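Undergrad: Before anything else, here's the structure in question.
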Amino acid sequence: MGQTLDIKCPRCDKKFEWSTGSGFLEVEILHCDKCGKEKEWNKYDLVTDGDLDCPCGGTFTDDAPIRCPKCKTEIADVSDCTQEVLMWD
Ligand SMILES: [Zn+2]
Ligand SMILES: [Zn+2]
């Protein structure tokens, strides 16, 4: 069960989707805590720490802040910037 948010950046007006939660089978969606890059992670895979390092120097985590992919602004007021919420399982 997860959800995809349609978000509009309050700073640059860029629209983007942000997916959270665990979705299809054993795949979980993680985001980089520095740049917001999305990564699908199979939680049943044996992973080393290195697999969760982003090239930017950040770390992929399931509680990274929502970040605009264009201007990298952290979306503080998520509900205010959300245009639509898609639930999926
Ligand atoms: Zn990153
Ligand atoms: Zn932006």
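The values are calculated or read from the model by the stated rules, or taken from the named source; none is laboratory data. Everything numeric in this text was worked out from a predicted model, so none of it was measured. Quick reminder, even Gly has a Cβ in these numbers, built from the backbone with ideal geometry, and neighbours come from all protein chains shown. Quick note on the areas: whole protein, heavy atoms, side chains included, nothing else; ligands and nucleic acids left out. Shrake-Rupley method; radii C 1.70, N 1.55, O 1.52, S 1.80 Å.
Undergrad: Go ahead and run the numbers for FRET between Cys35 and Asp89, Cβ-Cβ distance against an R0 of 30 Å, rounding to 0.05.
TA: Working: r = 28 Å, r/R0 = 0.93.
After rounding to 0.05, the efficiency reads 0.60.
Undergrad: Return the sequence-ordered ³J(HN,Hα) values of the stretch 66-72 in whole Hz as given by the Karplus equation 6.51 cos²θ - 1.76 cosθ + 1.60 applied to θ = phi - 60°, using x for Gly and Pro.
TA: Each residue's phi maps through the Karplus curve to give 5, 9, 5, x, 8, 9, 6 Hz.
Undergrad: Ignoring ligands, DNA and RNA, what percent of the 1.4 Å accessible area of the chain is carbon and sulfur?
TA: Values: 2670 of 5720 Å².
Whole-percent figure for carbon plus sulfur exposure: 47.
Undergrad: Could you do me a favour and compute the accessible area per residue for the stretch 2-84, 1.4 Å probe, result in Å²? Mind dumping the intermediate values first?
TA: Values: 5150 Å² over 83 residues.
Averaged over the residues of the stretch 2-84, the accessible area is 62 Å².
Undergrad: Checking the a/c ratio against 1.5 first, then a/b against b/c, what shape does the Cα gyration tensor give for the chain? Don't skip to the end; give the middle numbers.
TA: Values: a/c = 2.97, a/b = 1.35, b/c = 2.20.
Oblate is the answer for the chain, as a/c is 1.5 or above yet b/c matches or exceeds a/b.
Undergrad: With contacts defined as alpha carbon pairs under 8 Å and 6 or more residues apart, what's the relative contact order of the chain in percent? Write out the running numbers ahead of the final one.
TA: Working: 177 pairs, mean separation 33.1, N = 89.
It comes to 37 percent, rounded to a whole number.
Undergrad: Evaluate the distance, in nm, between pseudo-label points positioned 7 Å from the Cα of Cys12 and of Ser79 along their respective Cα→Cβ axes.
TA: Result for the modelled spin labels: 2.8 nm.
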